[in-house]
Amino acid sequence: MLNYSTTYSSSPISKLAAAFLAALAVATGGFYIGQWIPIAMHLPLAVLEIVLLLVMIFARSKKAVSYPLMYSFMLVSGATLYPLIGHYIAVIGAEAVFKAFALAVVSFSGVAIYAAKTKEDFSFLGGFLTLGAFALLGLLIIQWFIPFSSVGQMGVSALGILIFLGFTIYDMNRLARYGFTEADIPMIVVNIYLDFINLFIYILRFFASDED
């Protein structure tokens with residue numbers, strides 16, 4: 001059963017849903033704008049996306065700041081997603097990208113519903129997932145300098161898929177068990193978005209590794 005820090009009459013879940021849908025609309029707008037952004041701006045935008053995320057983490061308790069930061073992050077993230085999706089369409093084809101998206105939606109929804117409904121407490125996963133994320137980052141850095149074989153790339157992609165499915169379980173289970181306040185909503189929206197987008201990206205990487 002969901003446990004909220006605010007009263008039920010204030011409908012925190014409806015506020016979260018509304019904020020998430022609005023944020024997705026902004027990200028979709030950013031994705032649409034991304035087709036006109038020059039290649040030279042892709043790296044600066046990726047850096048800006050990281051900076052906005054870091055600033056948001058430190059300012060998440062300030063409602064007047066966190067909501068504008070959330071929407072700014074979603075806009076920039078959508079714009080940076082466009083060239084990435086375009087790359088995978090060129091490598092594996094639009095049909096495979098759609099299949100990867102459908103698989104991401106189904107797997108994300110399945111584990112999210114399970115994590116919210118189960119009586120199990122998955123808070124113990126936090127430390128393991130953090131270590132896994134750092135290990136994944138290390139592998140990606142190594143791969144930048146020393147290209148992996150297709151099997152190696154597939155292994156890294158599979159690790160990424162498992163880690164972000166794990167983060168989905170962890171985040172959804174924590175929300176269901178411990179609740180949230182309205183001030184938490186912008187960061188929750190970004191966390192859920194990042195869980196899904198990273199899952200989708202690593203599924204795409206997994207599909208693309210078979211093409212190398």
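Taking the conditions exactly as written (on the phi > 0 side of the Ramachandran plot, of a type outside the set (Val, Ile, Thr) and surrounded by 12 or more Cβ atoms within 10 Å (Cβ to Cβ)), does residue 126 satisfy them or not?
Taking the combined requirement at face value, the residue does not satisfy it.
Residues checked against (1) buried (at least 21 other Cβ atoms within 10 Å of the Cβ); (2) under 18 Å from residue 70 (Cα atoms):
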| site | (1), (2) |
| --- | --- |
| 147 | no, no |
| 151 | no, no |
| 164 | yes, no |
| 168 | yes, no |
| 186 | yes, yes |
| 199 | yes, no |
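Listed residues 57, 92; which is exposed (fewer than 15 other Cβ atoms within 10 Å of the Cβ) and either in contact with a Phe, Trp or Tyr (Cβ under 6 Å, 6 or more places away or on another chain) or touching a residue at least 60 places away in the same chain (Cβ under 8 Å) (or both)?
Just a single option satisfies the conditions, and that option is 57.
In this structure, is residue 158 in a helix (DSSP H, G or I) and closer than 20 Å to residue 204 by Cβ?
Yes; evaluated as a whole, the condition is true for this residue.
Residue by residue through the stretch 161-183, note down the ones that are more than 11 Å from residue 122 (Cβ to Cβ) and of a type in the set (Asp, Glu).
Hit for the stretch 161-183 is 182, nothing else.
Would you say residue 203 is buried (at least 18 other Cβ atoms within 10 Å of the Cβ), aliphatic (A, V, I, L, M) and touching a residue at least 60 places away in the same chain (Cβ under 8 Å)?
Against the criterion (buried (at least 18 other Cβ atoms within 10 Å of the Cβ), aliphatic (A, V, I, L, M) and touching a residue at least 60 places away in the same chain (Cβ under 8 Å)), residue 203 qualifies.
Considering (1) small (Gly, Ala, Ser); (2) surrounded by fewer than 18 Cβ atoms within 10 Å (Cβ to Cβ); (3) out of contact with any Ser or Thr (no Cβ under 6 Å at 6 or more places or on another chain); (4) under 21 Å from residue 89 (Cα atoms), say which one residue 208 fails and leave the rest.
(2)
Just to confirm my filter: which helices (runs of 4 or more DSSP H) fall fully inside the stretch 16-123 and include at least 2 residues that are under 30 Å from residue 210 (Cβ atoms) and among the small types (Gly, Ala, Ser)?
63-92, 94-117
Each value in this text was obtained by applying a stated rule to the coordinates, not by laboratory testing. Remember, it's a predicted structure, so these values are computed and weren't measured experimentally. So basically every Cβ, Gly included, is an ideal-geometry build from the backbone, and we count neighbours across all protein chains shown.
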